[in-house]
1. Considering only residues that are touching a strand residue (DSSP E or B) at 6+ places or on another chain (Cβ under 8 Å), in contact (Cβ under 8 Å) with a residue 40 or more places away in the chain and part of a loop (DSSP other than H, G, I, E, B), look in segment B:324-339 and name the one that is farthest from the ligand (Cβ to nearest atom).
2. For segment A:97-191, which strands (runs of 3 or more DSSP E) that fit wholly inside it have 3 or more residues that are within 19 Å of B:R32 (Cβ to Cβ) and either at pLDDT below 95 or within 11 Å of another protein chain (Cβ to nearest Cβ) (or both)?
3. So, restricting to helices (runs of 4 or more DSSP H) that lie completely within segment B:61-159, which ones have at least 3 residues that are farther than 30 Å from B:F397 by Cα and either within 14 Å of chain A (Cβ to nearest Cβ) or within 15 Å of the ligand (Cβ to nearest atom) (or both)?
4. For segment B:219-244, how many residues are away from the ligand (no atom under 13 Å from the Cβ), open to solvent by less than 10 Å² (accessible area, probe 1.4 Å) and aliphatic (A, V, I, L, M)?
5. Filter segment A:61-73 for residues that are without any contact (Cβ under 8 Å) to a residue 40 or more places away in the chain and surrounded by fewer than 19 Cβ atoms within 10 Å (Cβ to Cβ); which is nearest to A:L133 (Cα to Cα)?
6. Among the residues that make up segment B:245-258, is at least one of them away from the ligand (no atom under 16 Å from the Cβ), in contact (Cβ under 8 Å) with a residue 40 or more places away in the chain and either out of contact with any strand residue (DSSP E or B) (no Cβ under 8 Å at 6 or more places or on another chain) or open to solvent by less than 30 Å² (accessible area, probe 1.4 Å) (or both)?
7. Which of the residues that make up segment B:196-214 are under 14 Å from A:T43 (Cβ atoms) and at pLDDT 95 or above?
8. For segment A:1-54, name all the residues that are of a type in the set (S, T, Y) and either away from chain B (no Cβ under 11 Å) or open to solvent by less than 10 Å² (accessible area, probe 1.4 Å) (or both).
Amino acid sequence: MKKLMCHLVAGYPTMNLSFQAALGMVEGGASYLEVQFPFSDPTADGPRIQEACVQALDGGFTLREGFLMVRRLSRTIPEIPLFLMSYASLVVRRGISWFLDQAKEAGVQGLIVPDLPFDQDEGYYEAAWERGLHPISVVVPTMDSKRLDQLLGLLQSHGERYIYVALRTGITGDPTNLSDENLSFLNMLAAKELKVLAGFGISSYGQVEALSPYVEAVVVGSYLVGIIRESTTRFGGSSPDQGESLKRAVAKAVSTLIHPV
Amino acid sequence: MRARSLVDGYSKQEVGNNPPILTGFFGSFGGRYVAEVLRKPLHELEEAFLSIVPSKEFQEEYQAKLKSFVGRPTPLYYAENTTRLLGGGRLYIKLEGLAATGAHKINNALGQGLLAKRMGKKRVIAETGAGQHGVAVAAVCAHLGIPCRVYMGEVDMMRQKPNVFWMERYGAEVVGVSSGSRTLKDAVNEALRDWASHPEDTFYILGSALGPSPYPDMVRTFQSIIGVETKEQLASLGLKPTALIACVGGGSNAIGFFSPYLYPIDESEERIKGTETSNMPRLIGVEAGGRGPGKGQHAARMSGEGKVGIVQGYKSRFLLDEDGQVLPTHSVSAGLDYPGIGPELAYLGDRGRIEFITATDRQAIEAMDFFARTEGILFALESAHGGAAALRLLPSFSKEAVVVVNMSGRGDKDLFITARELDRERWREFLQREVDSLGDAL
Ligand SMILES: Cc1ncc(COP(=O)(O)O)c(C=O)c1O
């Protein structure tokens, strides 16, 4: 069984079109959605996602609208777990409690905040668990083993099973090479009964097939941002069918990642 | 964990009631808020910094090169004409801009470059805004024989073409950054990304006292030479400073200049602030007031609307909107045009040890002009913010007071900005002739 976690940037290319793209992902067979709230300085993102964030912010993205969009999504597709990805600046600005309350109310199940690591988290992990939200750590195969053990101990003590693996040392958008190092890392996590979400650089059925046996879901990000960009530039303008055609294009792209052509 | 005194030359007593430990935090500011992929390289950097930099061999090499390559010590100049003209305190200027490549940036670039070499790194990367840090890194890398790549926002590349040209002469590869606002903060983002992709062989030379730990501690350590030297130079004249003034972009020249006088922070209010009668000098940081208050018009984080936040790996005060998005900034001096401030300065500002004020674009340009005519000394526009504050405050001091302003850079680099501001027509004619003569040569 091949499961995908599909990533999108809220507000890219517009609020409504990002909503349509999300529906397309689910239609194409996504099992999880990772909705990124754009931040002006996304240091852990590659060029494509970064560009999408800039465009979403230029289009007037606000947290208020972002949470409204996520709420609409969670009502429309209640069967799909929604994870919210963003950066520390947005999470701490009005207070972590405020941000997490908003997320909870919008129907989010977990959060991914790469620049709030578990041991410098401003209280974010505990606050998320208190609300029944999953704070999902992003780990890398090159991580120091003592540090990893410390994290896994913390997760276990809270019954937290989700973990996000950024494969290869690098930034999203580059090709993924399923090296022995990557695979043994994934196997080690799977042996601990963790639900592993892994990706970075996934763009083909072959990669999804190779990775699927080791993970709960394969994460697809930059590739889909590219699909969304292509589709919206192709259909351009403000055609009333734009939402529909975007949804179809995204659904098709997602589906070809899961099923052999 | 080792004592901060090992790397800084702070004696244990001077560190006083502050924790003499490198924790990476200053109060609640600082830290290492980065994605997991950068934790390991930062940890390795911290280990190398704490073990290599205090060693005798490193210090000998560093001190020798500060002399032969950087041109230290830089002079401490008594601004007699200004003192006579304005009345009030005696003004001294630390001529840091006489260091090689024209600014204090080279103290840090050299220190980190030597560390990179001793760590066996094969490649150096750096970010630059105005280009001063980039030029310093490029020169150091040429000197040390390490390949170097400098990230620079495309907007800055256009504004600071001469520095791009010089970096390339030093053999550096200058890479334009087209993301975000295409300025300094985006160049930092891009350098962090590069480092995350090549952590094993790459050393990232960060240019100011900010970013994830250990950078704020490391950059202060390498810039502390400014303050240590000034203190010695004053002592040789039998003087103690009443007030120190420095411009603040990210804060590296200020924290280095202030470093001998930062701690201890005493609970008695007077000791914190420093007064003319106390042993502690007043410490005054000058931020870019730009075109005035208003969103996007300035870069006043401490004296303006700065909010506590976490950006680019550290917690400090930033110019942020209500959602936490980083706001645009403006300053006539590219080196002060940045939305964040080093965490130690923010901490010391909140504690009241450092006072923060602003100087506007106009005041900085006027101060640059004033010191050129009055003293024969050419301030960089960044440093001229400190100069403007000195001119404003000097008359309020007593005759015995010793006020020292750090001229962090010299003004030659700003020719294309100051000429259009102060001599627009003739500058236009000159440029036009240059363009025409280029055409003839084709
Ligand atoms: C001459 C000069 N002064 C000051 C600065 C500001 O940096 P910092 O606050 O780190 O000293 C710069 C930065 O480019 C500079 O070139």
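1. The qualifying residue farthest from the ligand (Cβ to nearest atom) is B:H330.
2. A:137-139
3. Fully inside segment B:61-159 and qualifying: B:105-118, B:132-144, B:154-159.
4. 3
5. It comes out as A:R71.
6. No: segment B:245-258 contains no residue that is away from the ligand (no atom under 16 Å from the Cβ), in contact (Cβ under 8 Å) with a residue 40 or more places away in the chain and either out of contact with any strand residue (DSSP E or B) (no Cβ under 8 Å at 6 or more places or on another chain) or open to solvent by less than 30 Å² (accessible area, probe 1.4 Å) (or both).
7. Across segment B:196-214, the qualifying residues are B:Y204, B:L206, B:L210, B:G211, B:P212.
8. The answer is A:Y12, A:T14, A:S18, A:S31, A:Y32.
The values are calculated or read from the model by the stated rules, or taken from the named source; none is laboratory data. The structure displayed is predicted, hence computed values, not measured ones. No Cβ is skipped: glycine too gets one built from the backbone with ideal geometry, and neighbour counts run over all protein chains shown. Surface areas here come from the heavy atoms of the whole protein model, side chains and all, with no ligands, DNA or RNA. Shrake-Rupley method; radii C 1.70, N 1.55, O 1.52, S 1.80 Å.
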